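Engineer: So that we are looking at the same thing, I have put the structure below in structure tokens.
Derivation of every value follows stated rules applied to the coordinates shown; laboratory data play no part. As the structure is a computational prediction, the values presented were derived from the model and not from experiment. Neighbour counts are summed over all protein chains in view; Cβ atoms, including those assigned to glycine, are modelled from backbone coordinates with ideal geometry.
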Amino acid sequence: MDGKPEIPMLLIENLVKSYPGQHGQDAMLALRDVSFKVEEGSFFTLLGPSGCGKTTTLQCIAGLENPDTGVIQMGDRAVFSSRENLLVPANRRELGMVFQSYAIWPHMSVFDNVAFPLIYGVKRAPSHEVRPRVLKALEMVELGHLADRPAPLLSGGQQQRVALARALVHEPRLLLLDEPLSNLDAKLRDTMRTEIRNLVKSLGITTLFVTHDQVEAIGMSDQIVLMKAGKIVQQGSPRDIYLRPNSVFTADFMGRSNLLPGVLEAGGSTGRAQTAIGPISGVAGPELAPGAQVMVVVRPQAILVAPATEASGPNRFKARVDAMTFLGDVVETEVEVGGRKLTLMLDPYTALSVGHELVLELPPERCVIVPADEPASSGSLK
Amino acid sequence: MSGGSIAAARRPSAGLDQQKVVLALLLAVVSVLVLGPVLLLIRTSLAPSEAMPLETLEFTLKNYVQLLQSPRTLSLVWNTAVYALSSMTMGVAIATAIAWCTERTDMPGRILVRILMFAWMMVPALVVGFGWILLLNPGNGALNVMFRELFGFLQPILTIYSFWSLIIVTSFAVVPTAFVMISGLLRNMDPNLELAARVHGGGSWATLTRVTLPLLTPGLFSIGIYMFMAVVQAFDLPLIIGLSADVPVLSTRVYLLSSPDNGLPNYGLASAFGVLLLVVAGGLMWAYMRATRLGERFRVVTGKAFRPKRIRLGRWRFAALGFTFGYCAVMMLPLLILIWVSLQPSYTTPSLSALGGLSFDIYRRVLTNPMISRAVLNTVILVVSSATIVMLISCLIGWFTVRSNSRAGKILDALSFLPMAIPPIVLVLAILLLYLNTPLYGTVWILVLGHVTIYIAFGVRTMSSALIQIHKELGDAALISGASWLTSLRKVTFPLVWPQILNGWLWVFAHSARDLTVPLMLMSTGNLVAASTLWNLWQFPDLPGAAALAVLLMAALLAVVVPTQLYVARRLER
């Protein structure tokens, strides 16, 4: 990623944002030194639990909130810089945005909603171009036939498409999506997920997406930034973040994991940690030195069942089936290993049942060793 | 303004933007409107009483000493307290009973009662007061004459000129406003709480006394404080009834000191009384805020429209009907007598024999009188400009109140709320002191200035509670689309709340037309409006002329306000 010659589409540097304390409380630090960059044309996701600062970051980029310090640059143009005392207001940033509530104006028709950026925006279109461009944008989201409908008569899914058409009609350089799927029902969400990604990819528009749903993030993004308490915890491709978490928090947030506390015996990519169920070989982060308190992260899907004859060897453990839940495509199985419980997924045709003895294999490249102690995360500033 | 620089220091910015310019302008306007007069009022109260305001450098506590030493001060405060407490208690009690009947029972005629109450809110207190005087004055009051003829009483049995009459007339006059507030309270109460009491075995009486009333108590308490405050600040009725009854209260004392019938105005002492009244009203305001705890502001948001189960009154419905329509009938009497008097060429008490003399001559005379035509024109200028300016400023301040977290926004909010705690009579006195020697004084625009200042607190409250219901993202979406801030307000935010804007405009329109305090205190030949002309005709005395003008004023108000309000109510229900 680093070292590419071209200027990134969006560059965020050392963003800090605090909110004044209410009722005599201390000020809240919403963003603490957030930096990242977004390459042109990529689908970039800010992911995290509520209150992690992802929405604040998006609002700062949109110009709806002003950071205390830092730099926001879009292409070669800075839109915010505390050092240069520079602030470009939201309406001059030439953005497109889909809001969580869609923010479709109820006193206007679908056409008027979508035409708004072309009529009142900074990049105004000549009046003879407005109609064809609005209709083109509506066709793009398959709503061409609803142009004259009053906005309050739309369904949730249609409102979202109108919001998308409005965000794209003036061909912004950057599209911001603020949890656009969270108000849709589950089935529609799946459809829209693919549709949004395909649409923005076909237009080649750089997209910044905010969500708290790791499934959406994994399914849609080229790059994910995972945030917690105003800080970036990890950045990478969906695959990286899912398979190579750098912390207990990432491991836990991105999906279910077995967490085994232990002490690091050897660091590096062929590391080893001593745990309650015995030594486990795995991949340790470079910042970890032998002797450190660590947590071994093993996804339920990573655990294999080895033939009973090969009970000894590295990362092999004897176990007994404690409980099984048949879920259809998998069987969620809880086993007991040396007094600790582990969860793994078996295929639905498995012959095992509760009480069976078995041998587990934890392939070392699938075991990730992360620091045990959480980074301090109190939200208040003295 | 200092507020502008606070905003600038908090955010790095390239140059001025629309928001900052508008914010600075609003801060400047509101400070001039509100702080200027109040500061001068305090200054004048500390100046020697014979000096004109702004013309002395001397500071003295003489006015306050005089105020505190005078034995009359105590009786003034006592009168004011008794007057306000009794009127408020009676008014709220009547209003609660009627509101309960219309909101929670199957009493017939509920909608008619609601319409009547809304209409009465628009009727000037001045007009009602005149009507009562025509009915009950001890000499030739219509009811007294009637009783005398029917029963042969030699002495008038009722008199309008007594403390009790003042209290009763005032309490009747506060009922419509209290009714509207209390029925809102009843409508917002979740009927499931009452149903739960019924399900668990509570009877009607137990439900009413153990569940409904305790639940309503905090709301009723804060409405009570609000009405108490309104009566303390009231000026019209204490002026036309109280002074003849020899019951001076704080508001009329301020008026008499600053516009005495003979002699020079004593602005110093008037200001000292003004400050006293200001302190009392401020204390009440504080109590009101504590009682409501900002609940007022957020109630709108959570207020769901419930469909309560109505109680079947059975035989009691006649009692309920009798009470409600009895009140309505009594409220009609002063209006009917005014219509009667306006149709007689010279003042005559109602009788069958006088029926033949009915004519529209007085109306013809009133409408062709050039002084009155001038006053009508002035009234139109006054009410339309006041309502428009108030709503324009209120929309913008309301936006900052709801959307802006800056300190300047908070200062603006507080400043615009301040007039709520300033009794109109005190504010007008302060405006009088500030503009006495400017060309503005004596024009209709000084009245506009007064009304804008008085009603701005209401306007801002209306608009901020309307705007708080508009999702912030709707306005943000316009900004992101590239529209400037003012365009986003003009095209998106304000069109979304226009029924509330229209409602607020109407309220200011009606209150500006019915108010006597400002036109009377600032009266000169150049700025007569309907209310002050009405007062002049009454004092002259030209009773038929005054009655005709009162009827015309009422008719005009109802003709504008009622249809528009019905229209707005329908829009809001959708």
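Engineer: Considering the alpha-carbon set of chain B alone, what are its Rg and its Dmax in angstrom?
Structural biologist: Answer for chain B, Rg first and Dmax second: 25.1, 86 Å.
Engineer: Can you compute the FRET efficiency between B:Arg570 and B:Lys472 using 1/(1 + (r/R0)^6), with r the Cβ-Cβ distance and R0 = 35 Å? Round to the nearest 0.05.
Structural biologist: So the FRET efficiency works out to roughly 0.80.
Engineer: For the pair B:Trp316/B:Leu112, report the inter-label distance in nm, with labels modelled 7 Å from Cα in the Cβ direction.
Structural biologist: Using points 7 Å along Cα→Cβ, the separation is 2.2 nm.
Engineer: Relative contact order (percent) for region B:73-205, with alpha-carbon contacts under 8 angstrom and 6 or more residues of separation?
Structural biologist: 36 percent
Engineer: For helix A:186-203, what angle does its Cα long axis make with the longest principal axis of chain A, in degrees from 0 to 90 and rounded to 10?
Structural biologist: Relative to chain A, helix A:186-203 is tipped by roughly 60 degrees.
Engineer: Compute the whole-percent fraction of alpha carbon pairs in chain A spaced more than 35 Å apart.
Structural biologist: 39 percent
Engineer: Could you work out the relative contact order of region A:10-243, using alpha carbon pairs under 8 angstrom and six or more residues apart, expressed as a whole percent?
Structural biologist: It rounds to 28 percent for region A:10-243.
Engineer: Sticking with this structure for a sec: For region A:1-86, which trypsin sites (Lys or Arg not before Pro) are in a loop by DSSP, counting at most 14 other Cβ atoms within 10 Å?
Structural biologist: A:Arg83
Engineer: Run a plain Debye calculation on the protein assembly as shown (Cα atoms as equal point scatterers, no solvent) and give log10 I(q)/I(0) at q = 0.06, 0.10 Å⁻¹, rounded to two decimals, same order as the q list.
Structural biologist: Log10 I(q)/I(0), no solvent term: -0.62, -1.21.
Engineer: Something else: With charges only on Cβ, +1 for K and R and -1 for D and E, what is the dipole size of region A:10-243 about its Cα centre, in debye, rounded to 20?
Structural biologist: Computed charge dipole of region A:10-243: roughly 220 debye.
Engineer: Per-residue mean of other chain beta-carbon atoms within 10 angstrom of the beta-carbon, peptide A:104-111?
Structural biologist: Counting Cβ atoms of other protein chains within 10 Å of each residue's Cβ and averaging gives 3.
Engineer: Still on this structure, please answer the following. Calculate how many DSSP beta bridges within the protein assembly as shown are antiparallel, expressed in % of all such bridges and rounded to the nearest 5.
Structural biologist: Around 75 percent of the beta bridges assigned by DSSP in the protein assembly as shown are antiparallel ones.
Engineer: Within chain B, which whole H helices from DSSP have a Cα span along their axis of at least 30 Å and a mean Kyte-Doolittle hydropathy of 1.0 or more, if any?
Structural biologist: Within chain B the helices that satisfy the rule are B:163-187, B:267-292, B:316-342, B:370-403, B:444-467, B:543-573.
Engineer: For the peptides B:404-413, B:381-390, B:142-151, what is the packing order when you average, over each peptide's residues, the other Cβ atoms within 10 Å and list the highest mean first?
Structural biologist: B:381-390, B:404-413, B:142-151
Engineer: Let me ask something additional. Taking every residue in A:90-99, how many Cβ atoms of other protein chains lie within 10 Å of its Cβ, on average?
Structural biologist: Mean shielding count: 5.
Engineer: Based on the mean of other beta carbon atoms within 10 Å per residue, what is the order of A:162-170, B:534-542, B:80-88, A:328-336, most packed first?
Structural biologist: For the peptides A:162-170, B:534-542, B:80-88, A:328-336, the packing ranking is A:162-170, B:80-88, B:534-542, A:328-336.
Engineer: Students often get this wrong: which residues of region B:513-528 have the backbone nitrogen under 15 Å from the point 7 angstrom along Cα-to-C-beta of B:Phe540?
Structural biologist: B:528
Engineer: Set the Förster distance to 51 Å, then compute FRET efficiency between A:Glu139 and B:Lys410 from the Cβ-Cβ distance, nearest 0.05.
Structural biologist: For A:Glu139 and B:Lys410, the calculated efficiency is 0.60.
Engineer: With contacts defined as alpha carbon pairs under 8 Å and 6 or more residues apart, what's the relative contact order of chain B in percent?
Structural biologist: Answer for chain B is 21 percent.
Engineer: When you look at the Cβ of every residue in A:59-72, what mean number of other chain Cβ atoms sits within 10 Å?
Structural biologist: 2
Engineer: Expected output is a single nm value to one decimal: the length gained when fully extending between B:Glu58 and B:Trp78, i.e. 0.36 nm times separation in residues minus the C-alpha distance. What is it?
Structural biologist: Length gained between B:Glu58 and B:Trp78: 4.0 nm.
Engineer: Right, here's the next one. If the limit is 22 Å between Cα atoms, which of A:Lys37/A:Lys228; A:Lys54/B:Lys410; B:Lys410/B:Lys491 go over it?
Structural biologist: Cα-Cα > 22 Å for A:Lys54/B:Lys410; B:Lys410/B:Lys491; rest within.
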